Structures are given as C-alpha cells and as structure tokens.
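Asks: To start, I am sharing the structure in question, which I have written as structure tokens.
Nothing in this text is a laboratory measurement; each read-out follows from the coordinates by a stated rule. This structure is a prediction, so every number in the text was calculated from the model and none was measured. No Cβ is skipped: glycine too gets one built from the backbone with ideal geometry, and neighbour counts run over all protein chains shown.
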Amino acid sequence: PQDCQDILDNDETTPSGVYMVYPRDNLGGFLVFCDMDTDGGGWTLFQRRQDGTVNFFRGWADYKTGFPSNLNGEFWLGNDNLYRLAVQKVYQLRVDMEDVEGNTAYAAYRTFAISPESQNYKLHIGAYTGTAGDSLTVHDGKPFSTKDRDNDEDSISCAQTYKGAWWYESCHGSNLNGLYHLGTHESRADGVNWYNWKGYNYSLKRTEMKIRPTP
C-alpha cells in the first residue's frame, strides 16, 4: 500500500491505527497513523497535537526525519516522508482541530503537495473549504522554516519568535507546531494557533493534519 487510502480500499473494515506504507519510489516503507473514521477515512496523518507531552520546538534535522517514534501520541511524520507520500498522487489536505471546551472545526484544501528538501519543502495547497476559517492559504508557496533554518520573508526569524516550525511568511496565520499553551495565553501568536478560528492568543487542545488522494 502506498498510503492509508490503499489500505482502506483493500479492506473497508480496517480500523484507525498504525500501519506500514511503501511509497512507489522503492526507497522502503515506513509506519504511518491512518485515520479510517473522519469523512470516509483513508487519511494518512503527518501531524498530531493532543497533550503537550512532545516538544515541537526543534530544528531542521528533526522535522526532516520526523519525531518521535510513537505515532499513537503527538508526532510530526517527517518532511522527507511527507514529500515521498504526497508526490505519488494528487492529494487533498484536512486539518482537524479542537479547543479546550471540546468544540471542533476543520479546514480542508482541495490539493496538497510539498517540494523536496532542495526547495525547502515549499507548501502548495488548493482551494479552502471548512468551518475553521482559512489560516493556511497565506502560507501557500512558502518554504518551511525551523529555529535553526530561517527561510521566511520577515527580517526576524519567525520560527524563533513564535516558537514553532512552519511554512512561515511574515509571519503566520497558523502555527500548529507552536508551544502547547492549552487555551488562552498572554504571549502573542507562539501557541498552537489557527488565527481565523481562535486568534493569536488561543492555543488549541488538539490538532491533526492529514492527507488523502483526491477522488
């Protein structure tokens, strides 16, 4: 299977969980978490925040390879793995989020791709639909930045200032790899923020970023 949709197509009763996928580049397989429940299932997760137990304020090498190894908790799948997945087919992106009170919202993008590391994993997304508001289109076409690799369009380092790693512009509309403040925080825009839903002073309780082939 090349992704979680392949696994679901093979057996539609497959539950959500961790599975091996083998991208078509023949460079070997790796483990992913599959969401087989949301909006028909078949989603391959590449990010999850849920309890603040994992440090996301990390450098380029960690975001390249991914962290940690336990995909049942908080994780970033790794930009190399994400590139290997998303280059195979035309994918769509879904971002699910939840606040401290248990309210949920989502943002979906008709297409999703990232460039290889030689182009700093530049983000490419299509048209938005959803309930959370569009806080990602501002990052379309932007390269990825980390605290030790400043590729943004601002004179400051957005990653260092806002304590995350993202496709920063100058600087962000969303910061889902930011600090896990959990709810309202006084520091501006350095939390797990999605501006168009909760603003720059509210850190989400739960986020998931996931891709699936477009129908």
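Asks: Quote the relative contact order of the stretch 57-154 in percent (integer), defining contacts as alpha-carbon pairs under 8 Å separated by 6+ residues.
Replies: Working: 162 pairs, mean separation 22.3, N = 98.
Relative contact order of the stretch 57-154: 23 percent.
Asks: Hey, what do the phi angles of the stretch 135-144 turn into as Karplus ³J(HN,Hα) couplings, whole Hz, using 6.51/-1.76/1.60 and θ = phi - 60°, x for Gly and Pro?
Replies: Calculated HN-Hα couplings, in order: 10, 10, 4, 4, 9, 4, x, 9, x, 7 Hz.
Asks: Please state, to two decimals, what the Cα-based radius of gyration of the chain comes to when divided by 2.2 N^0.38 Å (N = residues).
Replies: Cα-based Rg divided by the globular estimate yields 0.94.
Asks: While we're on this one: Tell me which residues come under 5 Å, amide H to amide H, from THR111 once H is placed; ignore anything under 5 positions away on its chain.
Replies: LEU93, GLY126, ALA127
Asks: Next question. Just to confirm a number: summing +1 for Lys and Arg and -1 for Asp and Glu over residues other than GLY173 whose beta-carbon lies under 15 angstrom from that of GLY173, what do you get?
Replies: -4
Asks: Treating each Cα of the stretch 130-207 as an identical point scatterer and ignoring solvent, apply the Debye formula and state log10 I(q)/I(0) at q = 0.15 Å⁻¹.
Replies: Debye intensities relative to I(0), on a log10 scale: -0.44.
Asks: Tell me which GluC sites (Glu not before Pro) from the stretch 124-215 have a DSSP coil assignment and no more than 10 other beta carbons within 10 Å of their own.
Replies: The qualifying sites are GLU186.
Asks: When we measure straight from the Cα of LYS64, which aspartates and glutamates land under 14 angstrom away, once same-chain ones fewer than 8 places off are left out?
Replies: In chain and number order, the partners are ASP80, GLU117, ASP148.
Asks: Taking the number of other C-beta atoms within 10 Å as the exposure measure, put ILE156, ILE7 in order starting with the fewest.
Replies: On the way: ILE156 13, ILE7 21.
In order of increasing Cβ crowding within 10 Å: ILE156, ILE7.
Asks: Next question. How many nm separate the modelled label positions at ASP39 and ASN10, each set 7 Å beyond the Cα in the direction of the Cβ?
Replies: 2.5 nm
Asks: What order do you get for ARG48, ARG110 when you list them from fewest to most C-beta neighbours inside 10 Å?
Replies: Ascending number of Cβ neighbours within 10 Å: ARG110, ARG48.
Asks: Using the structure shown, list the pairs from LYS142/LYS210; LYS89/LYS198; LYS163/LYS198; LYS147/LYS205 with a Cα-Cα distance above 21 Å, or answer none.
Replies: Cα-Cα > 21 Å for LYS89/LYS198; LYS147/LYS205; rest within.
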